[in-house]
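The values are calculated or read from the model by the stated rules, or taken from the named source; none is laboratory data. The structure displayed is predicted, hence computed values, not measured ones. Note: ideal-geometry Cβ built from the backbone for every residue, glycine included; neighbour counts use all protein chains shown. All accessible areas refer to the heavy atoms of the entire protein, side chains included, with ligands and DNA or RNA removed. Shrake-Rupley method; radii C 1.70, N 1.55, O 1.52, S 1.80 Å.
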Amino acid sequence: MRIPVPRPRSLAAQLFAMQAVLIAVLVAGYAVFTYISDRGQAEDAAGRQAKAVAQSIADAPTVPEAIRTADPTAELQPYALRVQHDAEVDFVTIMNPEGIRWTHPDEEQIGQHFRGHTARALRGEPFTETYTGTLGPSVRAVVPIYDGGRDPAHIVGMVSAGIRVEAISKRVQDQLTALIGVAAGALALGAIGTYVINARLRRHTHGMNAAELSRMHDYHQAALHAVREGLLMLDGQYRVALINDGGRELLGVAGDVVGRSVAELGLPAPLTGALLASEPRVDEVHLTAARVLAVNTSPVSGGERRGTVVTLRDVTELQSLMGELDSERGFTQALRSQAHEAANRLHTVVSLIELGRAEEAVEFATAELELAQALTDQVVAAVSEPVLAALLLGKTAQANERGVELVVSEDSRLDDGLLPDTLPARDLVTILGNLIDNAVDAAQGSVGARVTVTAYAEGREGGELVLRVSDTGAGVGPALAEAVFQRGFSTKPAGPGGRGLGLALVRQAAVRHQGVLSVTEADGGGAVFEVRLPLVETVPGGGAGSMEGSSGTEGSPGAQGSSGARGSRSTEGAGSGGTAVSRGDV
């Protein structure tokens, strides 16, 4: 048979028991102290009362006169009983100097020797004492009676008045009863208050004991460090209450941030706004200087707003892969279109041969081959870096499918092997691919729709890689020159995947490599986006430098390319915080 093991008391129950015992001990101690103190005070008061009664009898003129008579008891006994009753004392005894009683409440004791001390009174010193006499223990006073002067030779008798200790105890017991009632009320009130406080504590601790709370804290700490997703908890004033290692890494914050406001963490403005929002956010995409984050927020409420729980997921790689997937889809669509066009051309050649026009068929086929080869030769001659060359060839087909001519300017020159290892191909594809896609979106439908790409290296030692994309679209007006870099901004209708992220990814990649992104207006209409990336490895966090806003450098290749910039608008990469967005993203 299994014997059930009693569950340890909850923390609230332990605190309640401890507080109840503490209150009971305090009340009991106070009651005992008060009883002892009151008893002492009652005995002192009884002694003073007895001494006052005895002194008033000794000072009465009729007492010495009665003592001088032949039978003092006859006059003094009624007087003593009357004073005893009126003064509320238990006995009044008048005696001669030898201690023989003339009066006593018990008449049988008259004529008997007084039980108590009288020596001090015979010396002329009134005194009080506690003594056990014929009536039991009593607090009594003994005062000399003078007949004439105040010297011991004139003492003609003594008077003793007293109050029984039993009567004193009864008075104290009456007070003690009232005290016990007050103490019981205090104990009950303290117990009720303790119960109410501990009931609230029990709700907050969910009835767990100290060991369970400690174990939960250990699990909590281990879970926080083990979870790779970012976790951020804010209190009701939007101060950081808790942040795990993943949250610090994803937000790029260091040091002790607990207790600081979200607005003081130096995060990008859109991300800060999302964290400060009162409504929940679900998988909302935000950019930091180096990452793309999916942000989820959930308010914590229990009758009132207590704070916000924020989870952060790093979707930088996912977003990059999605961009590459979109590019592959575009390439697929372009290949499908080219296959359709090739089929049409092949049918044309076959038909010409069937019509007996072999020479026209050869000329037609040769012209098409030369056109395709010329395009490839032009791109490869200008940009021999294989990744960028392949990207430009693919984007040319995509643009052509959408009715936009994509050309590589004559000023472009980018040799294979020029790019350092610090500029990975993925980031270059992100930058140039998004710039071209945005330009094609802007130019589509315009008269003479064209996108011009310029890529060159400006200076080999310590120089820059310049990527410039211009279009013949509506351009970027001064009023939108700043808004175009805000996350979520787009002049195109929202698609299934949403818009407003392309230029943000471009800026993020530029910032990551300490580059500069700028937008200007072209002379002939349209917009020019330019990215300048250093060709030497830079120290992370060293600053991207200021955005110059020019689309080329005087005297450099491509400086007079397709931009013809005026009304330049530029943005410093280091301060962007990854919040920029495009007019029409990937």
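The order of V536, V257 by accessible area, most exposed first and with a 1.4 Å probe, is V536, V257.
Among the trypsin sites (Lys or Arg not before Pro) in the stretch 33-142, those placed in a DSSP loop whose Cβ has at most 14 other Cβ atoms within 10 Å are R68, R123. Per the Debye formula on identical point scatterers at the alpha carbon atoms of the stretch 244-308, with no solvent, log10 I(q)/I(0) at q = 0.30 Å⁻¹ is -1.49.
Atom-type composition of the exposed protein surface of the stretch 44-118 places 49 percent of the accessible area on carbon and sulfur (1.4 angstrom probe).
Using a simple spin-label model with pseudo-atoms 7 Å out from Cα toward Cβ, E107 and F364 lie 16.4 nm apart.
When the solvent-accessible area of the stretch 194-261 is split by element, carbon and sulfur atoms take up 59 percent of it, the probe being 1.4 Å. At a probe radius of 1.4 angstrom, the accessible area of the stretch 80-162 per residue rounds to 47 square angstrom. Entry comment: accessible area of the stretch 169-218 is 68 Å² per residue, from protein heavy atoms only and a probe of 1.4 Å.
For the stretch 383-477, the fraction of 1.4 Å probe accessible surface lying on carbon and sulfur atoms is 46 percent. Can you give the net charge of the other residues whose Cβ lies under 12 Å from the Cβ of V196, counting K and R as +1 and D and E as -1? Once all neighbours under 12 Å are counted, the net charge is +3. Charged neighbours of L406, selected by a Cβ distance under 15 Å, balance to -2 (K, R count +1; D, E count -1). Excluding ligands, DNA and RNA, the accessible surface per residue across the stretch 393-476 is 39 Å² with a 1.4 Å probe.
When a/c is below 1.5 the answer is rounded, else prolate if a/b is larger than b/c, else oblate, so apply that to the stretch 99-218 with a ≥ b ≥ c taken from the square roots of the Cα gyration tensor eigenvalues. Cα axes put the stretch 99-218 in the prolate bin.
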